[in-house]
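Where a number appears in this text, it was derived from the coordinates with a stated rule and is not lab data. Because the structure is predicted, anything quoted here is derived from the model rather than measured. In this analysis, Cβ positions are derived from the backbone assuming ideal geometry, glycine residues included, and neighbour counts consider all displayed protein chains.
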Amino acid sequence: MDARSVRILGGRPLEPVLADMRVLNKLSDDQFAELADLALRFVVSKDWAALAEAVDAFAARHGANAALLRPCSKSLVLLAAEALRQNLGSAQVRRDLGSLSLDVAKAAALAERWAAAYSSRGARPNQLLDAQWKFGLTVASSEHELKSSFVQLKLCIEDRSAGDAPRDVHVEMSLPQFYSLCHEMEQAKRTLQSLHGS
């Protein structure tokens, strides 16, 4: 199997995921469904300590090996997060899980649960954490050249491709472009407010 053809992997190594799928295939369908629901709760937060505690409790209830299930549940979280990042449909998620050797019924169950929880959200954009701007004026080299105004924006975003680490993006635009951006943002704000109010 070519790992590059399995989109849900998102560049992760294939062998550990295949090993996790073999462990998950040994669970009953009900146990798998419960573990999948548990793992999907952590797709956005990725709170690994809380996930480990929840998996330990799950393992204790079902007499399962928590040490084997912890990496499996983390794989489920990371695969679902990658599906969300790539905005994959449930059919693609099911195919990719099947390509990773997850039982057909389990792949369908996880894809269905993932779709119910996340597919309607679409791709999650990077979250804006902070924005700063500075106005500037170009210096003219002679009295015959016109000076022009510009705006430098520094946007601090939560980079989804880097595990939600903050990243700065720098943008420079002319003053008319900046005013146009502000106008578009005001229109978007009004539209969202009218949708929220109705």
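Can you compute the charge dipole magnitude of the range 19-80 about its Cα centre, using +1 on each Lys and Arg Cβ and -1 on each Asp and Glu Cβ, nothing else charged? Give it in debye, rounded to the nearest 20. The partial results should precede the final answer.
On the way: 7 positive and 8 negative charges, 40 e Å.
That gives a dipole near 200 debye.
Counting helices only, and only those DSSP H runs with n ≥ 4, report the 222 nm mean residue ellipticity of the chain as the sum of -39,500 (n - 2.57) divided by its residues, in deg cm²/dmol to the nearest 500.
Details: 7 runs with 106 residues, N = 198.
Result for the chain, helices only: -17500 deg cm²/dmol.
Simple rule: put +1 on each Lys or Arg Cβ and -1 on each Asp or Glu Cβ in the chain, find the dipole, and look at Phe135, Ala39, Cys182; the Cα lying farthest toward the positive end is Ala39. Once the Cα atoms are used to define both axes, helix 66-85 deviates from the longest principal axis of the chain by about 40 degrees. Largest GNM mean-square fluctuation across Val44, Val23, Val169, computed for the chain with C-alpha springs under 10 Å, falls on Val169.
Identify the trypsin sites (Lys or Arg not before Pro) of the range 18-116 meeting these criteria: DSSP loop state and at most 15 other C-beta atoms within 10 Å of the C-beta.
On the way: sites: Arg22, Lys26, Arg41, Lys46, Arg61, Lys74, Arg85, Arg94, Arg95, Lys106, Arg113; in loops: Lys26, Arg41, Lys46.
Within the range 18-116, the qualifying trypsin sites (Lys or Arg not before Pro) (loop, at most 15 other Cβ atoms within 10 Å) are Lys26, Arg41, Lys46.
What is the magnitude of the charge dipole of the chain about its Cα centre, with +1 placed on the Cβ of each Lys and Arg, -1 on the Cβ of each Asp and Glu, and no other charges, expressed in debye to the nearest 20?
In total the dipole reaches around 280 debye.
Model label sites at Glu158 and Glu172, defined 7 Å from Cα along the beta-carbon direction, differ in position by 3.1 nm. Each part gets one Cα centre, and for the range 35-66 versus the range 174-195 those centres are 43 Å apart. Multiplying the residue separation of Glu186 and Ser101 by 0.36 nm and subtracting their alpha-carbon distance yields 25.7 nm. Subtracting the Cα-Cα distance of Glu34 and Ala49 from 0.36 nm times their residue separation leaves 3.5 nm of extension gain.
Excluding Leu68 itself, what net charge comes from residues whose Cβ is under 14 Å from its Cβ, given Lys and Arg +1 and Asp and Glu -1?
On the way: positive: Arg22, Lys26, Arg70, Lys74; negative: Asp20, Asp56.
Local charge sum for Leu68: +2.
Projected label points at Ala67 and Arg12, each 7 Å from Cα along the beta carbon direction, are separated by 2.2 nanometres.
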